[in-house]
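Notes for the one structure printed next.
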Amino acid sequence: MKTIILGAVIVALSLPAHAISRYDTRRLSCERVQAILESEGAAILRYPSPRSSQLTLYDLYAKNSRHCQSGEVARPAFVPTANNSRCQVRRCQVRRCETRRHNGDN
């Protein structure tokens with residue numbers, strides 16, 4: 001029993017202090033989605049897959065990279081909304097490590 005309680009405490013302490021809101025973009029205007037990201041900093045946006053309406057896609061979208069997780073950056077992306085099929089937002093994505101070749105490297 002002590003192990004279960006200790007495990008629950010560890011899990012609770014490892015979770016972020018704030019909850020991230022989730023929104024269905026099909027029910028919101030593009031302006032509302034952008035306003036939500038501006039005011040909340042980040043949110044999970046859900047929308048139907050363009051390839052199969054039976055699948056729902058979702059991801060973390062943010063106002064800027066400061067609202068993404070460590071090692072991620074906010075890059076331009078588009079989501080469908082009630083009034084715009086390509087509403088521009090920023091999606092948190094893993095930062096790509098770019099390697100540069102120096103002169104003389106093979």
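The values are calculated or read from the model by the stated rules, or taken from the named source; none is laboratory data. Since we're looking at a predicted model, the values are computed, not measured. Here Cβ is always computed from backbone atoms with ideal geometry, including for glycine, and neighbour counts include all displayed protein chains.
Taken over region 29-45, the residue count meeting the criterion of being within 11 Å of T81 (Cα to Cα) and within 10 Å of the chain's Cα centre (by Cα) is 1. Which one of these does R66 not meet: (1) under 18 Å from D24 (Cβ atoms); (2) at pLDDT 95 or above; (3) surrounded by fewer than 16 Cβ atoms within 10 Å (Cβ to Cβ)? Every condition holds for R66 apart from (1). If you filter region 46-76 down to residues that are under 19 Å from R95 (Cα atoms) and either charged (D, E, K, R) or part of a helix (DSSP H, G or I) (or both), you find that the one that is nearest to the chain's Cα centre (by Cα) is D59. Residues that are among the hydroxyl-bearing types (S, T, Y), within 25 Å of Q69 (Cβ to Cβ), loosely packed, with under 15 Cβ neighbours inside 10 Å and at pLDDT 95 or above within region 1-55 comprise S21, S39, listed in sequence order.
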